[in-house]
Amino acid sequence: MTAFLPYKRTLIAASIALSTLQLHAAGFQLNAQSATGLGRAFAGDAAIGDNASVIARNPAAMSLFDKPAMSIGVETITTDIKVKDATYTNNLTASTASANSDGIGDTSIVPSFYYVHPVNESFAWGINAYSNFGTKTEFENGYAGYEYGGKTDVLSANFGVVGSYKMTEQLTLGAGIDAVYGEGTFTRPANPVIAGLYGTDNLLEIEADGWGFGYNLGMLFEVDENNRFGLDYHFSPDIKADGDVYRFGATPTKQSDTVVMPLPDIAEFSGYHRIAPEYAIHYSIQFIRWSEFETLTADNAGLINTYNWQDAWHYSIGGTYYMNDSWQLRAGYMYDTSAQAQRRSISVPDSDRQWLSAGFTYKPDTLSSIDFGATYLLGKDVSVSESNSASSIVGTTHADALLLGVQYSRSF
């Protein structure tokens, strides 16, 4: 009965406390590292270094700081997810029902924290807590799509230590270690016929948490004070989450098990060019190796689901207007490609997306700044068809989102 489990892409991931995240990047990747980056669609984030949050994208950029710096922020993500023109077919009763839903979206809050400490002109270290991954979708009770809906909830946290060393006046290298904690809850309801025959309310139940350890490598090349390039690579671990698992047809009851969740590696190239005292342009290309996310398995329950996702890309470009010593304005655009190809899911509405972003920085004094960023994310209609021996569902999914972020930064 493995085919009953076409459920959402997530179990654990990497970041600080988030609870109701759905999709606002390919797969279940988050772009929620800073309000500053949010205001420019994260264009150039591995090379700019406005504040301490840059270490989430490139630890080598700590060479841009000549004094200790801290950033603390929060981002809200409000999603609008719809399943429309959907029909659920119950093969066991030869009946059909409308499986439309517009109550899947929610609002989530994602905090972050960063600290950078230059030791001398060459060496700096820092610590961070932020998110690279996370997700939640929850269909209403009694959803007509039953086993294709359910609940997927992830709570995750990434804690990192980073260091950088300035090799020459132009070249800085950086590296860091990430401790990734996450917990996930998953349920997939049984349709009434299955529930009556086998005395089970759910076909799948998972409650698990665990740790994994990854690393990141970065490079910053400064052509001069107005032009620089950043390159960063994040190795993401396979998370082994211990907890209770029940899978219909594989385990008699909910029992102790370990779920293995592969996370994708991420590579990013960024550029920053201050073409005039008042203006700068910046851009990024990010590669997310989602082809690593082939299956979700458990030691005892076995294969939970097959995904076979494809690698994804982000392409972003933005601009900054340095109005005066107190105000900066920024804007950006991102095109974000889907991680799903042939296998799509009602419970994981994924598509190519466009980001429309804007934001500002206000500096009340020479040591502190307040950032605000906003993004409207536009998804596409995606046709979805799923089936198993007992039922099938066809329909169209669509997801948009509004992202708002605020951040306080200070140098010491």
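The values are calculated or read from the model by the stated rules, or taken from the named source; none is laboratory data. What you are looking at is a predicted structure, and each value in this text was computed from that prediction instead of being measured. A quick note on method: Cβ atoms are made from the backbone with ideal geometry, for glycine too, and the neighbour counts reach across all protein chains shown. Note: accessible area is taken over every heavy atom of the protein model, side chains too, but ligands, DNA and RNA are not part of it. Shrake-Rupley method; radii C 1.70, N 1.55, O 1.52, S 1.80 Å.
Looking at the range 204-218, is at least one residue outside any strand (DSSP E or B) and either within 17 Å of the chain's Cα centre (by Cα) or modelled with pLDDT under 95 (or both)?
No.
What number of residues within the range 53-82 are of a type outside the set (Lys, Arg) and under 17 Å from residue 272 (Cβ atoms)?
Let us first name the residues in the range 53-82 that are of a type outside the set (Lys, Arg), namely 53-56, 58-66, 68-81.
Add one more test, that the residue is under 17 Å from residue 272 (Cβ atoms), and what stays is 53-56, 58-65.
Total satisfying the criteria: 12.
So, in the range 320-331, of the ones that are without any contact (Cβ under 8 Å) to a residue 60 or more places away in the chain, assigned to a strand (DSSP E or B) and of a type in the set (A, V, I, L, M, F, W, C), which residue ends up least open to solvent (accessible area, probe 1.4 Å)?
Only one residue tops the list, namely 329.
Out of the range 143-156, which residues are in a strand (DSSP E or B) and either at pLDDT 85 or above or open to solvent by 10 Å² or more (accessible area, probe 1.4 Å) (or both)?
Answer for the range 143-156, where residues must be in a strand (DSSP E or B) and either at pLDDT 85 or above or open to solvent by 10 Å² or more (accessible area, probe 1.4 Å) (or both): 151, 153, 155.
Please go through the range 332-351 and give me each residue that is in contact (Cβ under 8 Å) with a residue 60 or more places away in the chain, surrounded by fewer than 20 Cβ atoms within 10 Å (Cβ to Cβ) and not in a loop (DSSP other than H, G, I, E, B), ordered by number.
333
Conditions tested, residue by residue: (1) in contact (Cβ under 8 Å) with a residue 12 or more places away in the chain; (2) open to solvent by 10 Å² or more (accessible area, probe 1.4 Å); (3) in a strand (DSSP E or B).
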position: 244; (1), (2), (3): yes, yes, yes
position: 249; (1), (2), (3): yes, yes, no
position: 252; (1), (2), (3): no, yes, no
position: 259; (1), (2), (3): yes, no, yes
position: 264; (1), (2), (3): yes, no, no
position: 269; (1), (2), (3): yes, yes, yes
position: 281; (1), (2), (3): yes, yes, yes
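Within the range 364-407, can you find the residues that are crowded, with 17+ Cβ neighbours inside 10 Å, under 25 Å from the mean Cα position of the chain (by Cα) and outside any strand (DSSP E or B)?
Hit for the range 364-407 is 379, nothing else.
Any residue at all in the range 352-362 that's among the small types (Gly, Ala, Ser) and either within 30 Å of residue 95 (Cβ to Cβ) or not in a strand (DSSP E or B) (or both)?
no
Just wondering, is there one or more residues in the range 22-42 that are in contact with a Lys or Arg (Cβ under 9 Å, 6 or more places away or on another chain) and open to solvent by 10 Å² or more (accessible area, probe 1.4 Å)?
No, that holds for no residue.
How about the range 164-191: which of its residues are of a type in the set (A, V, I, L, M), in a strand (DSSP E or B) and open to solvent by 10 Å² or more (accessible area, probe 1.4 Å)?
Answer for the range 164-191, where residues must be of a type in the set (A, V, I, L, M), in a strand (DSSP E or B) and open to solvent by 10 Å² or more (accessible area, probe 1.4 Å): 171, 173, 175, 177, 179.
Could you list all residues from the range 116-142 that are closer than 19 Å to residue 80 by Cα, touching a Gly at 6+ places or on another chain (Cβ under 9 Å) and open to solvent by 60 Å² or more (accessible area, probe 1.4 Å)?
Of everything in the range 116-142, those that are closer than 19 Å to residue 80 by Cα, touching a Gly at 6+ places or on another chain (Cβ under 9 Å) and open to solvent by 60 Å² or more (accessible area, probe 1.4 Å) turn out to be 138, 140.
When residues of the range 93-113 are filtered for being touching a Pro at 6+ places or on another chain (Cβ under 9 Å) and either farther than 26 Å from residue 194 by Cβ or loosely packed, with under 14 Cβ neighbours inside 10 Å (or both), how many remain?
Going through the range 93-113 one residue at a time, the tally reaches 1.
Hey, does the range 285-292 have a residue that's of a type in the set (Val, Ile, Thr), over 30 Å from residue 98 (Cα atoms), within 18 Å of the chain's Cα centre (by Cα) and open to solvent by less than 70 Å² (accessible area, probe 1.4 Å)?
yes
Go through the range 197-212 and give me each residue that's of a type in the set (Ser, Thr, Tyr) and either closer than 29 Å to residue 159 by Cβ or open to solvent by 90 Å² or more (accessible area, probe 1.4 Å) (or both).
Start the filter on the range 197-212 by keeping residues that are of a type in the set (Ser, Thr, Tyr), which leaves 198, 200.
Once the filter is applied, which keeps residues that are of a type in the set (Ser, Thr, Tyr) and either closer than 29 Å to residue 159 by Cβ or open to solvent by 90 Å² or more (accessible area, probe 1.4 Å) (or both), the range 197-212 yields only 198.
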